Amino acid sequence: MAVTSLDITHRSIYEGGKAFGEVGTYIYLEGVIHFQIDPGNDSNMAITDLNLAPVNEDGMIEFHSDFSMLKPADASKGCRTVLLDIVNRGIRTVLSGFNRSDRSASLTSNVSSGNAFLMEKGYTIVFCGWQADVPDIPGLIGLHGPNAEQDGQPLVGDIMNQYQTNELTSILPLADRYHKTNPAAEENISSAKLYVGDYPDGNFELVSNDLWSLIRVEDQEIEPEPSHIFMKDGFEPGRIYQLIYKGVGSRLVGLGFAAVRDVSIFLKQETNSMNPSAGEVDHVISFGLSQSGRFLREYIYTGMNIGEHGELAMDGIIPHVAGGMRGEFNLRFGQPSKDICYIIPGLFPFSDFPQVDPVSGEVSGLLDTCRAQSTVPKIMFTNTSAEYWRGDAALIHTNLSDSSDGQNISNVRNYHFAGTQHGSGIYPPEEVREADGIRGAHPFNAVDYSPLLRGLLERLRTWIQEGLEPPTSCHPSFKNASARNSSEVIKNFENVNGIRTPFKTLNAMRLNYGEHLEAGRTTILPAERGEKFPSFVSDVDDTLNEIAGIRLPDVSVPLYSNTGWNPRHESIGNEGLLIGITGGLCGSSVRLPITEEQRISLGDPRPSIESLYRSKEDYLIKVEKEVKSLAKDGYVLEDDIEDICIEAASRYDHVFETGSVR
């Protein structure tokens, strides 16, 4: 079998024996899970360079992953469903996403359960490493596997890195973010190229080789190959740098697909004592946030949801805030964290349904391989306004040939969270982001969309377990004229004093990686980008809130204009660009004028709060009506109605307490 052993290194009662509703107490397990796969099995053939992996004496490829689990102590009280967290760059996401807990809290502490939603519903929560370049930092969850080799030697080839700093710095690693480096084959940079530009879909200039170099950095021992880039005068904050150089060593990043596939099958089907959930679960739902949502889109595309013996791995999949992007999850010299805007969105196909590429004439869909296997999992694609304004989310439900609405296949839903940013917001709107000290032109988007995640997860579970259909897809549409080009919609914001718009909106750009792979290349020069795809977003109403998608009361009964974009502040450079072209766009929450007098004095074309609501009571009546409608439609849970209304009341009070401050 693909899972050869599970070594449990830690076992404890979760949060000191705290009882979670009717489900009761939870157990926390931590350890290492070992895999071996057959390179000759058809189910593994989609993994790039599998034929270049070292094998054991039985001809199998071995690797292992960090593993942890939260499970009901009394399995009979659980919901018999695993929620598999496709961890983001080694970091757990589902507890902060669904339970609104502190992401930094250790699972051995007594504060990591947050609002306890997942525990009270009885989920078995599993974390398994899939990313081969996660650094060896305690607490991060990664995959540990072999590199590709040719004649016993590491591969050497072109690698591309992108950099954008928020403060002046001179040295950066040859890696994406803080991950394991991809060292240079040599210090000589005669064949390397460094480009700089201001917009992901704009022009890039070649930086003279006498201004930068590839260097070794000593840290206890001398590194054998150059591992960093050095810029003599420093990298300019906010500008986008793209480095292409000869790298040595190619991790088999595609083994991550096998890891999440085989751990899913193991937890559902293995009946021996090695499986801590043996006989306790029937289904697996995977959740991937941002980078790991893109990973799930690539996983779906490869058709690797079927095991070596024909078993179905994941029953349900939620790629969250991935838009139309995929990524370097199955490439030679691939860096799984990379999300370069002009490259990653350009990988056709985008939609679950087959469609014609109007340029190449190719007919393809994201789920073609899964459908040919007759084992399509149930999928919910969930996105925020940020992925639409990034330029790629609308591609997943748009017919490219005529810019019309596509039709999802029966096992797929597509949901847009209106007026939200890439990561769920925090109220009151942050002027300076606490997590990293970044400042935007406007306060950051404050809409907490976690109630939508909770509601849709439960609808996906009942869809799988009971066959109850979830709500229909809900997103910007051409049929009802709610989908418009981003360059047109942005004009609505230009007449509001106090709202600064970006110098230009973003578009995804075409790229066919396949042609380059056939030529033995895995990097793309800026000059080799294709034409732009159209960028469609939701239209807005007179409060400048979006009219399409699932509208929480923050958007449908607003006190703020809530967007999925926020320009960079001058203090972090390149102020004409949006924040988050890598890592996900940040949004804005800009308060509406409170009184008519204030509106007139500011020259604000948006309606005042006092013109929208006669009183706090009137406001709360409208909020409650909207929330109950969302619950009736299946987008939020009945359990969340009261909390959403309480939070709305608190926000109303806060707005009037701080009313003199814009």
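At-a-glance table
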quantity: Residues of segment 550-589 classified as touching a residue at least 60 places away in the same chain (Cβ under 8 Å) and either farther than 23 Å from SER615 by Cβ or of a type in the set (Phe, Trp, Tyr) (or both), total; calculated: 27
quantity: Test: residue in segment 481-498 that is assigned to a helix (DSSP H, G or I), crowded, with 21+ Cβ neighbours inside 10 Å, out of contact with any Lys or Arg (no Cβ under 9 Å at 6 or more places or on another chain) and not small (Gly, Ala, Ser); calculated: yes
quantity: When residues of segment 572-603 are limited to those that are among the β-branched types (Val, Ile, Thr) and in contact with a strand residue (DSSP E or B) (Cβ under 8 Å, 6 or more places away or on another chain), the one nearest to PRO237 (Cα to Cα); calculated: ILE572
quantity: Residue that is within 25 Å of ALA258 (Cα to Cα), touching a Ser or Thr at 6+ places or on another chain (Cβ under 9 Å), buried (at least 16 other Cβ atoms within 10 Å of the Cβ) and not hydroxyl-bearing (Ser, Thr, Tyr), where the choices are LEU107, LEU140, LEU84; calculated: LEU84
quantity: Of all residues making up segment 31-41, the number that are without any contact (Cβ under 8 Å) to a residue 60 or more places away in the chain and under 29 Å from the mean Cα position of the chain (by Cα); calculated: 4
quantity: Selection within segment 64-87 - hydroxyl-bearing (Ser, Thr, Tyr) and in contact with a strand residue (DSSP E or B) (Cβ under 7 Å, 6 or more places away or on another chain); calculated: SER65, SER68, THR81
quantity: Residue among THR169, THR181 that is of a type outside the set (D, E, K, R) and either buried (at least 17 other Cβ atoms within 10 Å of the Cβ) or in the same structural domain as ASN51 (by TED's automatic domain parsing) (or both); calculated: THR181
quantity: Some residue of segment 379-400 being surrounded by fewer than 20 Cβ atoms within 10 Å (Cβ to Cβ) and either part of a helix (DSSP H, G or I) or in contact with a His (Cβ under 7 Å, 6 or more places away or on another chain) (or both); calculated: no
quantity: Segment 554-587, residues that are over 24 Å from ILE340 (Cβ atoms) and outside any loop (DSSP other than H, G, I, E, B); calculated: ASP554, VAL555, SER556, TYR560, SER561, ASN562, GLU570, SER571
quantity: Segment 620-640 - residue that is in a helix (DSSP H, G or I), in contact with a Pro (Cβ under 9 Å, 6 or more places away or on another chain) and among the aliphatic types (A, V, I, L, M) and, of those, nearest to PHE381 (Cα to Cα); calculated: LEU630
quantity: LEU602, sole failed condition from (1) surrounded by fewer than 17 Cβ atoms within 10 Å (Cβ to Cβ); (2) under 19 Å from HIS416 (Cα atoms); (3) of a type in the set (A, V, I, L, M); calculated: (2)
quantity: Single unsatisfied condition, PRO429 versus (1) in contact (Cβ under 8 Å) with a residue 60 or more places away in the chain; (2) in contact with a helix residue (DSSP H, G or I) (Cβ under 8 Å, 6 or more places away or on another chain); (3) in a loop (DSSP other than H, G, I, E, B); calculated: (2)
quantity: Qualifying residues in segment 311-349 (those that are modelled with pLDDT of 90 or more and in a strand (DSSP E or B)) - the one farthest from ILE579 (Cα to Cα); calculated: LEU312
quantity: Selected residue (only one of PRO138, PRO146 is closer than 30 Å to LEU83 by Cα and free of Cβ contacts under 8 Å to residues at least 24 places away in the same chain); calculated: PRO138
quantity: Residue count for segment 432-459, restricted to those that are out of contact with any Gly (no Cβ under 6 Å at 6 or more places or on another chain), closer than 20 Å to ASP102 by Cα and not aliphatic (A, V, I, L, M); calculated: 9
quantity: Residue match in segment 172-191 (condition: modelled with pLDDT of 95 or more, out of contact with any Ser or Thr (no Cβ under 6 Å at 6 or more places or on another chain), in a loop (DSSP other than H, G, I, E, B) and not small (Gly, Ala, Ser)); calculated: no
quantity: Count - residues of segment 617-640 that are surrounded by fewer than 17 Cβ atoms within 10 Å (Cβ to Cβ) and either over 20 Å from SER561 (Cβ atoms) or of a type in the set (Asp, Glu) (or both); calculated: 10
quantity: So GLY324, is it buried (at least 24 other Cβ atoms within 10 Å of the Cβ), in contact (Cβ under 8 Å) with a residue 24 or more places away in the chain and of a type outside the set (Lys, Arg); calculated: yes
quantity: Exclusive hit being outside any strand (DSSP E or B), in contact with a Cys (Cβ under 7 Å, 6 or more places away or on another chain) and within 24 Å of THR543 (Cβ to Cβ), set LEU452, LEU506; calculated: LEU506
quantity: Positions within segment 53-63 being within 30 Å of the chain's Cα centre (by Cα) and either surrounded by fewer than 20 Cβ atoms within 10 Å (Cβ to Cβ) or over 13 Å from LEU255 (Cβ atoms) (or both), in sequence order; calculated: GLU62
quantity: Near pairs, Cβ below 9 angstrom, 6+ apart or cross-chain, from segment 597-609 (within 19 Å of ASP541 (Cβ to Cβ) and touching a residue at least 40 places away in the same chain (Cβ under 8 Å)) to any residue that is among the basic types (Lys, Arg) and crowded, with 18+ Cβ neighbours inside 10 Å; calculated: PRO605/ARG599; ARG606/ARG599; PRO607/ARG599; ILE609/ARG591
quantity: Qualifying residue in segment 276-297 (condition: farther than 28 Å from VAL156 by Cα, assigned to a loop (DSSP other than H, G, I, E, B), under 20 Å from the mean Cα position of the chain (by Cα) and assigned by TED's automatic domain parsing to the domain that holds SER43); calculated: yes
quantity: Inter-residue pairs, beta-carbon under 9 Å, first at positive phi and modelled with pLDDT of 95 or more and in segment 471-487, second surrounded by 18 or more Cβ atoms within 10 Å (Cβ to Cβ) and hydroxyl-bearing (Ser, Thr, Tyr), 6+ apart; calculated: none
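Let's see how each residue does on (1) assigned to a loop (DSSP other than H, G, I, E, B); (2) of a type in the set (Asp, Glu):
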{"residue": "THR48", "(1), (2)": "yes, no"}
{"residue": "HIS64", "(1), (2)": "no, no"}
{"residue": "MET69", "(1), (2)": "no, no"}
{"residue": "ASP85", "(1), (2)": "no, yes"}
{"residue": "ASP102", "(1), (2)": "yes, yes"}
{"residue": "SER106", "(1), (2)": "yes, no"}
{"residue": "VAL111", "(1), (2)": "yes, no"}
{"residue": "GLY122", "(1), (2)": "yes, no"}
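Okay, residues lined up against (1) of a type in the set (Phe, Trp, Tyr); (2) at pLDDT 95 or above:
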{"position": "SER213", "(1), (2)": "no, yes"}
{"position": "SER227", "(1), (2)": "no, no"}
{"position": "ILE285", "(1), (2)": "no, yes"}
{"position": "ARG294", "(1), (2)": "no, yes"}
{"position": "TYR299", "(1), (2)": "yes, yes"}
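The values are calculated or read from the model by the stated rules, or taken from the named source; none is laboratory data. What you are looking at is a predicted structure, and each value in this text was computed from that prediction instead of being measured. Backbone-built Cβ (ideal geometry, glycine too); neighbour counts: all protein chains shown.
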